[in-house]
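**Student:** Below is one structure. I have some questions about it.
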Amino acid sequence: MKITSKGKYAIIIMIEIALSNSQNYVSLKRLLSSQNISYKFSEQIVRSLCKDGLLKSERGSRGGYMLTKPPSHYTIGEILRTTEDNFVSLNEFEVGSLQGRSAYDSVTFNFFRGLNEVINQYINSVTLYDLAQTYQNQAANDYII
């Protein structure tokens, strides 16, 4: 599994929207004002997030993007699975196709299955709210003299 810039930026965009604490839509320009993400690339990302129901969008002068549920109801795993095209989980493979050809196949399959479980448990245990709070705490500490 490899997390690309698309996955990283999706998390950043979601954090920015969560931090806006707004009941109004947040424009993409406003979201990107503090980030070094290209507008076109971010459009692709929010399109994916909208398509999978993580964001809703509104066109027009008051348009933009909004979370569809509270930040605490999003897991980082959910966000990554939406944006990462090659986010492969061993659960998606048939056990029989990777296991049983040799003792090495069985040993390596069990290792990667365990690794996959640990990764999924971790990314499913961290919420968007957690990262937004961590960011706010870090930003507050950066200004303390």
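**Student:** Where does helix 128-142 land angle-wise versus the long Cα axis of the chain, in degrees 0 to 90, nearest 10?
**Tutor:** Orientation of helix 128-142: about 60 degrees from the principal axis.
**Student:** Can I ask one more? Could you tell me the distance between the Cα centroids of region 54-82 and region 12-44, to the nearest Å?
**Tutor:** Each part reduced to its Cα centre gives a spacing of 10 Å.
**Student:** Another one. In nm², what is the average projected area of the convex hull enclosing the Cα atoms of the chain?
**Tutor:** Details: hull surface 43.8 nm².
Taking a quarter of the hull surface, the average projection is 10.9 nm².
**Student:** In deg cm²/dmol, rounded to 500, what helix-only [θ] at 222 nm does the chain give when every DSSP H run of at least 4 residues adds -39500 (n - 2.57) and the total is split over its residues? Spell out each step's value before the answer.
**Tutor:** Numbers: 7 runs with 83 residues, N = 145.
Calculated from helices alone, the mean residue ellipticity at 222 nm is -17500 deg cm²/dmol.
**Student:** Take the chain, connect every pair of alpha-carbon atoms lying under 10 Å apart with a spring to form a Gaussian network, then pick out the residue of Ser42, Ser61, Ser72 with the largest mean-square fluctuation.
**Tutor:** Among Ser42, Ser61, Ser72, the largest GNM mean-square fluctuation belongs to Ser61.
**Student:** Can you sort Ile3, Ile76 by how many other beta carbons sit within 10 Å, fewest first?
**Tutor:** In order of increasing Cβ crowding within 10 Å: Ile3, Ile76.
**Student:** How large is ³J(HN,Hα) for each residue in region 48-56, as worked out from phi by the Karplus curve 6.51 cos²θ - 1.76 cosθ + 1.60 (θ = phi - 60°), to whole Hz, x for Gly and Pro?
**Tutor:** Residue by residue, region 48-56 yields 4, 5, 5, 4, 8, x, 7, 10, 10 Hz.
**Student:** Sequence neighbours fewer than 8 away in the same chain don't count; with that in mind, list the lysines whose C-alpha is under 19 Å from Lys51.
**Tutor:** Lys6, Lys8, Lys40, Lys69
Read-outs: derived from the displayed coordinates by stated rules, not from any lab. A quick note: this is a predicted structure, and the numbers were derived from the prediction, not measured. Here the Cβ is made from the backbone with ideal geometry for all residues, glycine too, and neighbour counts use every protein chain on show.
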